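Written out below as structure tokens is the structure these notes cover.
The values are calculated or read from the model by the stated rules, or taken from the named source; none is laboratory data. Model, not experiment: these values are computed from the prediction. Methodologically, a virtual Cβ is constructed for each residue, glycine included, from the backbone with ideal geometry; neighbour enumeration extends over all protein chains shown. Quick note on the areas: whole protein, heavy atoms, side chains included, nothing else; ligands and nucleic acids left out. Shrake-Rupley method; radii C 1.70, N 1.55, O 1.52, S 1.80 Å.
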Amino acid sequence: MLGLDPDPGALWPAAEEDAAPGGEPRERAARAVVSHCRAAIDATAPACVGVKLQLARFELLGAPGWSALEAVAAHAREHGLLVIADGKRGDIDVSARAYAGALFGGAQTPFGELSGLGADLATVNPLMGVDAIEPFVSAARATGAGVLVLVRTSNPGARDFEDVRVEGGGSLWELIASIVDELAAGGVGESGLSDVGAVVGATAPDHVRRARELMRRSPFLLPGIGAQGGRVEEVAPAFAPGRAAGLVTASRSIVGAYLAGGGEKPADAARAEAERLREAAWALSIGAAANVR
């Protein structure tokens, strides 16, 4: 899974040529971001199943940024890739429905139908409760999409709240995992996997194992590989339900691979790193599924 969180100040050199003089700064930056993301997708698509688009990086650019987001999502679909909208949304039900409409199927208004991003998956923050998650699940199911609920994240600060012990035993993230498993029960497909998945950071392998025990039918998005220190080889439990049960995602380690030296062009270095991760994840998934059988 190719993560795209384009920093206007750290794009591939060729992308800067598309920010030619003309237009205000946000428009120029948006053009460069689209060029950068399209080039990264072109280079890595054969080794990926999807792209994870960090919404904050696009929203930083204002209205041109949302247009850039739509353009990049469309380009990913042209390559047959899944599109994950990574915004970690979460709010009361009224606001949640609006967020969900923007990310999935849009909304009907007196002025006509508003189109949404058409994402295949979106990340959701559960800390406001089940009623803040359900509008996303409903909107996703209406369009054949899915949600990925933050359960145990990859950042160091995850321990500040997610690892806190709760009444009745276990940690807060384990309680969230049990809620995700309940929501997942209503959306299990022929593959045995649900349309309600979980974000489980690859930086804490023991938590990946425990998360799979608690959520046997949810696909896992596994951030933290590469730049954050996570290793593909340590997330085998995520693949126990099948090869599609784990989505290994890497951003900086793929797009920034050329910075490691060696004189490779950005596209060539990104392609090589994406292929390396794909091969490692594929081999791991085969082994994990075999062990379960």
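Assorted remarks:
- Ranking of K265, K52, K88 by solvent-accessible surface, largest first: K265, K88, K52 (1.4 Å probe, protein heavy atoms only, all chains present).
- Whole-Å semi-axes of segment 151-293's equivalent ellipsoid (Cα gyration tensor): 29, 19, 12
- Relative contact order (%) - criterion: Cα under 8 Å, at least six apart; region: segment 1-144: 20 percent
- Pairs of Cα atoms nearer than 8 Å and 6+ residues apart set the relative contact order; for the chain it is 15 percent.
- Within the chain: Cβ-based charge dipole about Cα centre, in debye rounded to nearest 20 (Lys, Arg +1; Asp, Glu -1): 520 debye
- Beta bridges per DSSP with both ends in segment 1-123, % antiparallel, nearest 5: 25 percent
- The mean accessible area for residues of the chain, using a 1.4 Å probe and ignoring ligands and nucleic acids, is 46 Å² per residue.
- Separation of the V130 and S95 label points, Cα + 7 Å toward Cβ, nm: 2.2 nm
- By accessible area, using a 1.4 Å probe on protein heavy atoms only, the chain has 53% of its surface on carbon and sulfur.
- Restriction of the GluC sites (Glu not before Pro) in segment 166-253 to DSSP coil positions whose beta-carbon has at most 13 other beta-carbons within 10 angstrom yields E167, E190.
- With contributions of -39500 (n - 2.57) from each DSSP H run of at least four residues, the per-residue ellipticity at 222 nm computed over the chain stands at -13000 deg cm²/dmol.
- Cα gyration tensor category, rounded, prolate or oblate, for the chain with a/c compared to 1.5: oblate
- Segment 90-189 shape via C-alpha gyration tensor axes, a/c threshold 1.5: prolate
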